[in-house]
Amino acid sequence: MKSIRDIYKIGTGPSSSHTMGPVHASKIFKEENPDADKYKVILYGSLCKTGKGHGTDRAVAAAFAPFETEIVWNMEESEIKHPNTMDLIAIKDGEETAHMRIYSIGGGDIEIEGRESEVSQDVYMENSLAEIKEFCAIRYIDLVHYVEINEGEDIWSYLAKVWDVMKAAIKRGLETEGMLPGGLNLRRFSKSIYTKDVPQDSLGILFTQQISAYAYAVAEENADNGIIVTAPTCGSCGVVPATFYYLQTANGFSDEQIIHALGIAGLFGALAKQNASVSGAECGCQAEIGVACSMAAAGAAYLMGYNTAQIEYAAEMSLEHHLGLTCDPVCGLVQIPCIERNAVASLRALESVSLAYFSSGSRRISYDMVVKSMYLTGRDINERYRETSEGGLAKAYSRKG
């Protein structure tokens, strides 16, 4: 299994698969073909259908600047290996000189057809939570020590930087007002939520207010092309930081404790990425928001002093109750329903942690089972509901209301 560094990538929103991945691929191709006087990019599948909304064309053109870049939206070809497929072509004196096919596989990672995957090499010998638990039980270690044994001590300094970026995104988001780009005329709400007067707390409104404000803050930063951390993707980047920041401010957890929680959360995210997917185009929003919710729940359960079985239950429950969640972004933008879903998932993560405390002995479904189910469910979801903006809310929504 890959390093949890593959789960936490610092970069610019709004989409890990539609902007971060294609930009990374374009830079590689440009570096390998410096003599070209023009580049051509052909987008297929989800990259084609929602690329405008996600800003794929603008991001790729910027990566190839100052050279001319022709963007082709191929709506016809459907027989592709991955829903996020793109062709990069170098042109010199009117002739094609190089060609590369790219798959943007989610979380900012790419695969280049015909080459060994550039994704980092395995750092974990275990590929399931069952195997991890067995390893830890034999050696009498917890999940934090398991992460350190495999990743090395420097993983904590990396996660410290990740936490700094997450906190900075929350703080910027809470201070920023105005409209989000993209044409939906959607106003940023995080500051409004955070400062709204709440007269009483009989329904836990203060809890909802605080954690939702944090989630909105990060998700709005992402939608506004701000600097965020994939966790596991750009579209779900608000769930983990909102959950952990709320727990830190409410319970006084140290940065070191939060960083250890990030390690455990990353472990659960890496398992989902290894054995299923974190790509909305491949498996729907369950693979993004659902996995983010499970990561947040696992880390939160650790912070609350839960044992490994309770941590697993909280993570499993969080993902299980997102099964079947479609990816249907309105106008291809990472705004509706994406921003709101970050807040709802943050709340659900902590609710799952609470329920795991009371009923962990009744658990029958393992995290490995629910990850497998998530992948199978995602493959069964109709293509229109996997980040193509052709079904669900994207089809029902009208700019006229």
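A count restricted to segment 266-286 and to residues that are part of a helix (DSSP H, G or I) and out of contact with any Phe, Trp or Tyr (no Cβ under 8 Å at 6 or more places or on another chain) stands at 9.
Suppose the filter is more than 19 Å from the chain's Cα centre (by Cα) and under 26 Å from Gly11 (Cβ atoms); does Thr97 pass it? When the stated conditions are applied, Thr97 does not pass them.
Kindly establish whether Met125 is surrounded by 13 or more Cβ atoms within 10 Å (Cβ to Cβ) and in contact with a helix residue (DSSP H, G or I) (Cβ under 9 Å, 6 or more places away or on another chain). No, not satisfied. Taken as a whole, the condition of being polar (S, T, N, Q), closer than 27 Å to Phe189 by Cβ and at pLDDT 95 or above does not apply to Asn275. Within segment 211-252, the set of residues being surrounded by fewer than 18 Cβ atoms within 10 Å (Cβ to Cβ) and in contact with a Ser or Thr (Cβ under 9 Å, 6 or more places away or on another chain) comprises Asn225, Ile227. In segment 156-186, the residue that is modelled with the lowest pLDDT out of those that are open to solvent by 80 Å² or more (accessible area, probe 1.4 Å) and in a loop (DSSP other than H, G, I, E, B) is Asn185.
Can Glu153 be described as open to solvent by 30 Å² or more (accessible area, probe 1.4 Å), modelled with pLDDT of 95 or more, outside any helix (DSSP H, G or I) and out of contact with any Ser or Thr (no Cβ under 9 Å at 6 or more places or on another chain)? Judged against the criteria, Glu153 is a match.
Checked against the criteria, Ile132 does not count as surrounded by 13 or more Cβ atoms within 10 Å (Cβ to Cβ) and either charged (D, E, K, R) or over 18 Å from Leu267 (Cβ atoms) (or both).
The residues on offer are Ala168, Ala219, and the sole one that is in contact (Cβ under 8 Å) with a residue 24 or more places away in the chain and within 24 Å of Glu351 (Cα to Cα) is Ala219. Taking the stated definitions as given, is Lys40 of a type outside the set (Ser, Thr, Tyr), in contact with a helix residue (DSSP H, G or I) (Cβ under 7 Å, 6 or more places away or on another chain) and over 30 Å from Leu129 (Cβ atoms)? Judged against the criteria, Lys40 is not a match. Counting the residues of segment 271-310 that are open to solvent by 10 Å² or more (accessible area, probe 1.4 Å) and over 19 Å from Pro83 (Cα atoms) gives 9. Only a single item in (1) touching a residue at least 40 places away in the same chain (Cβ under 8 Å); (2) within 17 Å of Gly235 (Cβ to Cβ) is not met by Ser190, and it is number (1). Only one residue in Ile132, Ile89, Ile149 is of a type outside the set (Phe, Trp, Tyr) and touching a His at 6+ places or on another chain (Cβ under 6 Å). Which one? Selected residue: Ile89, the only one of Ile132, Ile89, Ile149 that is of a type outside the set (Phe, Trp, Tyr) and touching a His at 6+ places or on another chain (Cβ under 6 Å).
Screening segment 2-115 for strands (runs of 3 or more DSSP E) wholly inside it with 3 or more residues that are open to solvent by less than 10 Å² (accessible area, probe 1.4 Å), closer than 30 Å to Val240 by Cβ and touching a residue at least 24 places away in the same chain (Cβ under 8 Å) returns the ranges 84-92, 95-106.
For segment 126-147, the set of residues classified as of a type outside the set (Phe, Trp, Tyr) and in contact (Cβ under 8 Å) with a residue 60 or more places away in the chain consists of Glu126, Asn127, Ser128, Leu129, Ala130, Ile132, Lys133, Cys136, Asp142, Leu143, Val144, Val147, listed by residue number.
The values are calculated or read from the model by the stated rules, or taken from the named source; none is laboratory data. Everything numeric in this text was worked out from a predicted model, so none of it was measured. Here Cβ is always computed from backbone atoms with ideal geometry, including for glycine, and neighbour counts include all displayed protein chains. All accessible areas refer to the heavy atoms of the entire protein, side chains included, with ligands and DNA or RNA removed. Shrake-Rupley method; radii C 1.70, N 1.55, O 1.52, S 1.80 Å.
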